[in-house]
Amino acid sequence: MTPTCIALITLLTPLVSAAIIALFLRKQGALASTVSVVAAAVVAAGALMLAFGGHREAAVNASVEWLKLGDFTLSLGIKFDDLAALMLSIVGVVGLAVHVFSLGYMHDDASKARFFGGLSIFMFSMIGIVLADNLLMIFIFWELVGFSSYVLINHYHEKASASDASKKAFIVNRVGDFGFLLGIVMCYWSNGTVNLTELGHFGETHSLVYSRLIPLLLFCGAIGKSAQMPLQVWLPDAMEGPTPVSALIHAATMVAAGIYMLCRIQVLMLPDALTVIMWVGAITALYAALCAITQSDIKKVLAYSTLSQLGYMVAAFGLGSLELVPSGKEGTLVVITAGVGAAMFHLTTHAFFKALLFLGSGSVIHGCHHEQDIFKMGGLKKKMPFTFITFTIGVAAICGLPFLSGFFSKDAILHLAQEKNTAVFAILALTAVLTAFYMVRMWKLTFLGQPRSHEAEHAHEGGLSMTAPLFVLAVLALVGGYAGHFFNIYGHAFDGVWSQIPFAEGAEPYITSIAILVVGAGAALFFYKSATSDTLEEKAPAVFGFLSVVKASPDALYDWYVAKVQQRFAMLLEFIERIFLSGLIIRGIVSGTVGLIGIGARALHVGSLHAYVYWFLFGSALLWAYAAGWLF
């Protein structure tokens, strides 16, 4: 089987699964879940076959013309290179783990078929983004991913909070996607193509003003999808969806699509754009970490943690350096050294340990009979020992415990920031301290001490379908940081990052993260006790109140804008449209014209025989004059 065939099968299998479930299995949850899991297994197998088979762009690079309008042509094509191989492997492996976990977590759900159908259509959409060879094709699948997210967040549609959260996510992402679409249009206008390979070769267009706008407009898409400020408000609310959805879509894959897209368009980047991207990522990382400290919902803690780690990735990309490399064709090739590698490396390790943490939280929620408040847990170390061990590995990885995956990828970013920008380094280092603080806080309150509720007292471990994925992801969270030391599976996807990794060949041992871990985790262990209330709120109410205001301010600002500005502006436009456009202009012209015609018509029909005779004679005279050539 050719690599192209494997890629097509990998792409289309989840679409076929979604179609079968939607058409034939809507009331057969067990069979629908089996079909979806098998499809996920095929995706994982195909992704690993392509990655380990060494197939790259030369072997898998096919396209077909789909639409042609004049000089404009839209093609559907596959671009499979080192970057796509890495991202496809993440989607396949994590996607399969989430599907298997969902068998147990959603076992008693009455709408299980709809849930697994949504997972399948999401897998299709995400793989489409990974394999797309042009920006328009990426945008098409980008919107399908947004639709999938909307459907799955709204799975519990009978809850008003879930319905509101899905609409909020959909609308906020449309704001970012509007900028993304403008960037694609401007890219085609300035370069004559949106094909990723062709965009890699350019002349002098980067000196033009609109070329400076293109990367920033495209970045708007990443701001929405990867929940960066100021469009970060949708992701915490998205936790209203089932926990496996949070693990797959809102932690490991969909939200990482923005990072992947940035790495895909590195050929369009300019130094000014990288600076903006760097600061957006750094500010988002710190903001989300501050918000996580006051959360009591275990999934909300992980949601803000995801926001913060995505900010790390965005900042890492922005910290990269632009280099112009001869391409072998006309023009040169833009390469962002270190930044792309550091961002993708942390994306990879984060996908493993954050999926592990979300599924671990799902195991906790399932075992505690859907209790999500960490202050009503406690003592789960004894009740759920396997979840405790795997969850602890995930916490240690994200906190940067030496020699776990997060230690290597986070240190690579900190090392890069220390070299490039001291202020950004300080922000990211503080963020790392806060990460260790709130993660250890959550871990301690959830698993240690004594049970603080009836649900925690009667907690229980899940079945094999829930524990096996935790084991696989825990192993990946342990060893994921070592892949670059021993293998070269993904070629250039990690270019420039190995020299930044602690204890790698040529790199000095980097102890800053160890100090960060000790300070953050130590403060949490010392400060938080097994209690039913938040110690920070009791001991430092001013600090707690400030952090609560920081968390609530963006939503409050948007609420004020919609109610006081947008709504009133909409009312003004409605008034103008009804009174002037529809009323005076459109209806006025129509009414005036029709009225004049009506007056004339009524003048001709007065009901008098003499008048009709006179009009008849007058018309006959005109016809005679016209026939004689006296008129016209």
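The values are calculated or read from the model by the stated rules, or taken from the named source; none is laboratory data. All figures in this text were calculated on a predicted structure; none of them were measured in a lab. Using ideal geometry, Cβ is built from the backbone for each residue, glycine included, and neighbour counts are taken over all protein chains shown. All accessible areas refer to the heavy atoms of the entire protein, side chains included, with ligands and DNA or RNA removed. Shrake-Rupley method; radii C 1.70, N 1.55, O 1.52, S 1.80 Å.
Tabulated data
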read-out	value
Test result for K68, closer than 21 Å to I129 by Cα, among the basic types (K, R) and open to solvent by 10 Å² or more (accessible area, probe 1.4 Å)	no
All positions within segment 427-444 that are open to solvent by 10 Å² or more (accessible area, probe 1.4 Å) and farther than 15 Å from V519 by Cα	I427, W443, K444
Verdict on L557 being surrounded by 12 or more Cβ atoms within 10 Å (Cβ to Cβ), of a type outside the set (F, W, Y), touching a helix residue (DSSP H, G or I) at 6+ places or on another chain (Cβ under 9 Å) and modelled with pLDDT of 85 or more	no
When residues of segment 506-524 are limited to those that are open to solvent by 60 Å² or more (accessible area, probe 1.4 Å) and either at pLDDT 90 or above or outside any helix (DSSP H, G or I) (or both), the one nearest to A396 (Cα to Cα)	V518
Number of positions in segment 363-383 that are modelled with pLDDT of 90 or more and farther than 25 Å from T535 by Cα	3
Test: residue in segment 293-311 that is under 17 Å from L218 (Cα atoms) and surrounded by fewer than 24 Cβ atoms within 10 Å (Cβ to Cβ)	no
Single condition L96 does not satisfy, out of (1) in contact with a Ser or Thr (Cβ under 7 Å, 6 or more places away or on another chain); (2) buried (at least 21 other Cβ atoms within 10 Å of the Cβ)	(1)
Pair list, Cβ < 7 Å and 6+ apart or interchain, from segment 346-369 residues that are over 16 Å from G480 (Cβ atoms) to residues that are of a type in the set (D, E) and open to solvent by 10 Å² or more (accessible area, probe 1.4 Å)	I365/E371; G367/E461; C368/E455; H369/E455
Segment 526-537 residues that are under 14 Å from W443 (Cβ atoms) and aromatic (F, W, Y), paired with ones that are assigned to a loop (DSSP other than H, G, I, E, B) and open to solvent by less than 60 Å² (accessible area, probe 1.4 Å) (beta carbon under 9 Å, 6 or more apart)	Y528/D534
Qualifying position, being out of contact with any strand residue (DSSP E or B) (no Cβ under 6 Å at 6 or more places or on another chain), of a type in the set (D, E, K, R), open to solvent by 60 Å² or more (accessible area, probe 1.4 Å) and part of a helix (DSSP H, G or I), among R114, R26	R114
Output for segment 462-473, where each listed residue is more than 21 Å from M49 (Cα to Cα), of a type outside the set (V, I, T) and either touching a strand residue (DSSP E or B) at 6+ places or on another chain (Cβ under 6 Å) or at pLDDT 90 or above (or both)	L464, S465, M466, A468, L470, F471
Meets criteria (closer than 30 Å to V301 by Cα, at pLDDT 75 or above and out of contact with any Asp or Glu (no Cβ under 7 Å at 6 or more places or on another chain)) for E538	yes
Residues located in segment 474-483, provided they are open to solvent by less than 20 Å² (accessible area, probe 1.4 Å) and at pLDDT below 95	A477, G480, G481
Segment 384-417, residues that are part of a helix (DSSP H, G or I), touching a Phe, Trp or Tyr at 6+ places or on another chain (Cβ under 9 Å), more than 23 Å from A303 (Cβ to Cβ) and open to solvent by 10 Å² or more (accessible area, probe 1.4 Å)	F386, H415
Matching entry among I214, I223, I249, I259 (being touching a residue at least 24 places away in the same chain (Cβ under 8 Å), open to solvent by 10 Å² or more (accessible area, probe 1.4 Å), aliphatic (A, V, I, L, M) and assigned to a helix (DSSP H, G or I))	I223
